[in-house]
1. What are the semi-axes of the equivalent ellipsoid of region 51-170, taken as the square roots of 5 times the eigenvalues of the Cα gyration tensor, listed largest first and rounded to whole Å?
2. Any chance you could run the full-extension gain for residue 98 through residue 150? It's 0.36 nm times the residue separation minus the Cα-Cα distance, nm to one decimal.
């Protein structure tokens, strides 16, 4: 049975499943889905930095894809329902307002959804070892530094690992 037969199309869970399968078994398990990739050698295992980068990508990009897609369908992003921050978006809303956009507006919802889904796809290619994916992952992580507070933390971890282990990951 091929992996593409096991995974439902176009769902966040299927993207998560693919990324975690790659992290556990290596990028060659999805070769038939997307074309050529580096051929595995006997005993090849994914470098721990690549796995950690993929986990951060899954958390950050997965949330952006989920929350943005949900906001487009339901009408608003997920926010606290009680406490001092009830109904408020994260600190990133201040940055969005400074550039003149409404943090609750449709353009921001679309940006969240598209950015998140695109980043997940880049993550899949990074897991597979695509030659262009290191640069794309670095760009995606740098582009999400504004997503305060947890998104910034995940992005900083990704940028640091991508730069520290460039020779091994590129």
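1. On the way: eigenvalues 152, 41, 30 Å².
One finds semi-axes of 28, 14, 12 Å for region 51-170.
2. Values: separation 52, 0.36 × 52 = 18.72 nm, distance 2.02 nm.
The span from residue 98 to residue 150 would gain 16.7 nm if fully extended.
Any read-out appearing in this document is the output of simple, stated calculations on the displayed coordinates, not a laboratory observation. This structure is a prediction, so every number in the text was calculated from the model and none was measured.
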